[in-house]
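Computed from the coordinates by the stated procedures, all read-outs in this text should not be read as laboratory data. The structure presented is a predicted model; accordingly, all values stated were derived computationally and were not measured. We place every Cβ from the backbone using ideal geometry, glycine too, and count neighbours over all the protein chains shown.
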Amino acid sequence: MAKQKLRKYELIYLVQPEATDEERDRIASRVQQVFESFESKVLKNEDWGKRKLAYEIQKHNKAFYTYIIYVTKPGTTIEVERVLRVMDNCVRFLHIKLEEGLDPDGDFTIEEPTPRVRTAPVRPFDDDDDDDADEVTDA
């Protein structure tokens, strides 16, 4: 039987600002249980902390952000979203499919972007000494 191709996803979920550390840990561990049951591989898991929201959600102006990149087989996102919907402290979540058709035996690493080097803006060289404007031409 052919191996099932994998997909890479990005997940961001927001937790209410009044949630305690235990409540946030409970949500994170429940999401991790879903990943383990579907044999997913988490590539990046970042806690971005409490941030201001762009607009009010459920009468909240701030929320705790969690950012996850993971590789899994199709169908996992349905279960992850179901779990996040059931959790009362989860305000919002967003899944984005990054890549599709990945080889299960492949090496999954996060490619860090190369830092851009900032250079000083290039100013055009002005060879003119502005003497031309003072010249009077005889017509």
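Please work out which residue is farthest from I27 (Cα to Cα), limiting yourself to segment 39-97 and to residues that are assigned to a helix (DSSP H, G or I) and of a type in the set (A, V, I, L, M, F, W, C).
Of all residues in segment 39-97, those assigned to a helix (DSSP H, G or I) come to 76-86.
If we keep only those that are of a type in the set (A, V, I, L, M, F, W, C) too, we end up with 78, 80, 83-84, 86.
Details: I78: 16, V80: 11, V83: 9, L84: 8, V86: 10 Å.
The residue in question is I78.
From A28, A19, grab the single residue that is assigned to a loop (DSSP other than H, G, I, E, B) and among the aliphatic types (A, V, I, L, M).
Values: A28 fails: assigned to a loop (DSSP other than H, G, I, E, B).
When all the criteria are applied, what remains is A19.
Scanning for something within 30 Å of G101 (Cβ to Cβ) and of a type outside the set (V, I, T), does segment 61-68 turn up at least one residue? Spell out how you get there, then give the answer.
Our first condition is that a residue be within 30 Å of G101 (Cβ to Cβ); within segment 61-68, this holds for 65-68.
With of a type outside the set (V, I, T) added as a condition, the list becomes 65, 67.
Checking segment 61-68: at least one residue is within 30 Å of G101 (Cβ to Cβ) and of a type outside the set (V, I, T).
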Residue in segment 32-53 that is closer than 17 Å to L84 by Cβ, among the charged types (D, E, K, R) and more than 19 Å from the chain's Cα centre (by Cα) present: yes
Subset of segment 72-85 (residues that are surrounded by 21 or more Cβ atoms within 10 Å (Cβ to Cβ) and touching a strand residue (DSSP E or B) at 6+ places or on another chain (Cβ under 6 Å)): L84
Count of residues meeting criterion [under 22 Å from the mean Cα position of the chain (by Cα) and either farther than 20 Å from L98 by Cα or aliphatic (A, V, I, L, M) (or both)] in segment 1-18: 7
